[in-house]
Amino acid sequence: MHDAVTRAFIVAALVVITLGGCRSRSSDPPAATKPTLDSALLREFAGAYPEAAPKGGALREIDIVAAETVLPLVDGTAMRVWAYNGSVPGPVLRVRLGETIRVRFTNKLPQSTTIHWHGVRVPNGMDGVPHVTQPAIEPGQTFVYEFAPKDAGTFWFHPHVRAAEQVERGLYGVLIVEDAAPLPYTRDVVWVLDDWLRDASGQIVEQFVTPHDLAHDGRWGNVVTTNGTTKETLVVGSGDRIRLRLVNTANGRVFKPDLSALDAKVIAIDGMYVREPMSPKGLEIAPGNRVDLDVSLAGASSSRIEIVDHFYASSPNHLADIVIGADSPVAPPFASPAHARVPKWAEAMSVPAHHDYQLDARRGGPYGVEWTIDGVAMHDHDHAQASSVTLEHGKFYRLRFTNLSSRLHPIHLHGMFFRLLARNGNAVDEPFFRDTALIHAKETIDVGVVPLDDGRWMMHCHILEHAEAGMMTTIDVRSGS
Ligand code: C2O
Ligand code: CU
């Protein structure tokens, strides 16, 4: 009897607490379930992002200049490109978690530009989006980017002005934020995957954002490179254990590398460690995505391993060779890095979608075809007037993306990571966060996100031609009242 009364009291008290926390809208589910579910999802999220970066790290100052140049690329042809600090790919910047990076950037291009730090949770004003977070940097001008990365991992940087042209011409670099205490891999290697559309003389075809690109999955080149060459060879020792970081900087091409000949485990996606090391089988690397692999060479069955992309099985592309050049001692064992706190969010699909983005195309606009989000094509100049979905800082949201078209859309969110919850309504437990998720033809995906960084952030298709032709919008993240 006594127990029953106590129980009834507790239930009543819970109902009061729950109702008190709920600002009811007509579309809300019954008041008793939603806030409880939200707080359960948030409890699961606690600790899902790595601990705060250590304070008091060094200031790392770097100069970057963007300029036209000529470089021997692809097969050694002297190619006219645009480059950061005279190289394509641009420099690999390495900082340690806790350090602050200050980039003095000078634009020597014939066009205005910016630098966007893809995947890095920067203060909004450092995000490099013209008309939203800063004015475009005009030819001859300098701008200083400064931020302390909050997450360790593999990131990259590229222009956010006429990106379909500027990235294609060669403007991209890699930013590696090392863990506060990096693991003892024998080597840490970066493979920048890209493709090039070249004319008969080996120069970049200078028609950008063409009707053909727009009717397809953007611009796919006629030659694929790793680190700017078709002959990338990684020479390793027989006992090496390497951390191999893949970055897809292509405008439109998706890579699906066949790594089955390697002892390789995926340890991070889009910079963030996975819940536990996983098989790379079937992994699709869309434009913008990064994949970190833990590769052990000891036990390799051959001394030359060819890595091939087979996104389209009918036309595989050579990516690189790994050659075991010399005997080396077997690397001392250590556990692959992982981040066990990636939430499962098994109940998340019962939270109502905060927004259902409709992705589609139509005729019209400056390029003849427009790619739209919710029927709106956003172009660079109207960024500032954009209507924006608003999210409250620190809350859980389910966002849905419905692809009404028959093309691919790797959707990228600035300023936040999200977890894929479902494809076509079927729950998937991807054990990692992402900043870019590939949506296939006619597919619907659901993602869960808890934004932690305030500001107006871009959300767009990372097929750069689709973005240029309108497939962009913004998300406002605000602190709750
Ligand atoms: Cu890598 Cu908004 O882009
Ligand atoms: Cu797209």
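Any read-out appearing in this document is the output of simple, stated calculations on the displayed coordinates, not a laboratory observation. Just so it is clear, the model here is predicted, and its values are computed rather than measured. Cβ atoms come from the backbone with ideal geometry, glycine included; neighbour counts cover every protein chain shown.
Observations, loosely collected:
- Descending by average beta-carbon neighbour count within 10 Å, the peptides 469-479, 73-83 line up as 469-479, 73-83, the highest first.
- Each distinct pair of alpha carbons in segment 86-130 adds a 1/r term; the inverse of their mean, the Kirkwood radius, is 12.6 Å.
- Proximal lysines relative to Lys150, as straight alpha-carbon distance under 25 Å, when same-chain residues fewer than 8 apart are discounted: Lys55, Lys265, Lys344, Lys395
- Segment 443-459-segment 249-290 distance, computed between alpha-carbon centres (Å): 21
- With N the number of residues in segment 315-438, Rg(Cα) / (2.2 N^0.38 Å) evaluates to 1.50.
- Nearest 10 degrees, 0 to 90: helix 2-20 Cα axis against the chain principal axis: 50
- C-alpha long axis of helix 34-45 to longest principal axis of the chain, angle in °: 40
- Segment 194-225-segment 128-178 distance, computed between alpha-carbon centres (Å): 22
- Scaled against the 2.2 N^0.38 Å expected of a compact globular protein of N residues, the Cα radius of gyration of segment 216-318 reads 1.08.
- Dimensionless Rg/Rh of the chain - Kirkwood Rh, Rg from C-alpha atoms: 0.99
- Residues of segment 137-170 with amide N under 12 Å of the 7 Å Cα→Cβ point at Thr229: none
- Sparse-neighbourhood loop sites, trypsin sites (Lys or Arg not before Pro) in segment 260-297 - DSSP loop, at most 15 other Cβ within 10 angstrom: Lys281
- Cα shape, segment 70-158, gyration tensor, a/c 1.5 rule: oblate
- Chain lengthening between Ala40 and Thr69 when straightened (0.36 nm per residue, less Cα-Cα): 5.0 nm
- q = 0.28, 0.31 Å⁻¹, segment 167-209: log10 I(q)/I(0) [Debye, one scatterer per Cα]: -1.13, -1.22
- Phi angles of segment 322-327 translate, via the Karplus equation with coefficients 6.51, -1.76, 1.60 and θ = phi - 60°, into HN-Hα couplings of 10, 10, 7, x, 7, 6 Hz per residue; Gly and Pro are given as x.
- Since only Phe433, Ser350, Gly288 are under comparison, the one whose Cα sits farthest along the positive direction of the charge dipole of segment 288-439, derived from C-beta charges on Lys, Arg, Asp and Glu, is Ser350.
- Diagonalising the gyration tensor over the Cα atoms of segment 95-203 and scaling each eigenvalue by 5 before taking the square root yields semi-axes of 26, 21, 10 Å, largest first.
- Applying the criteria of a DSSP loop state and at most 12 other Cβ atoms within 10 Å to the GluC sites (Glu not before Pro) of segment 46-90 yields Glu51.
- Rg and Dmax of segment 250-406, based on Cα coordinates, read 21.3, 62 Å.
- Sites matching GluC sites (Glu not before Pro) across segment 169-259 that sit in DSSP coil, with at most 11 neighbouring C-beta atoms within 10 Å: Glu206
- Rg and Dmax, both from the Cα atoms of segment 281-325 and both in Å, are 12.5, 32.
- Put simply, the amide H of Val274, placed in the peptide plane, has neighbours under 5 Å in Ala268, Ile269, His339, leaving out anything fewer than 5 places away on its chain.
- Label separation (Arg94 vs Thr390): 4.5 nm, computed from points 7 Å beyond Cα along the C-beta direction.
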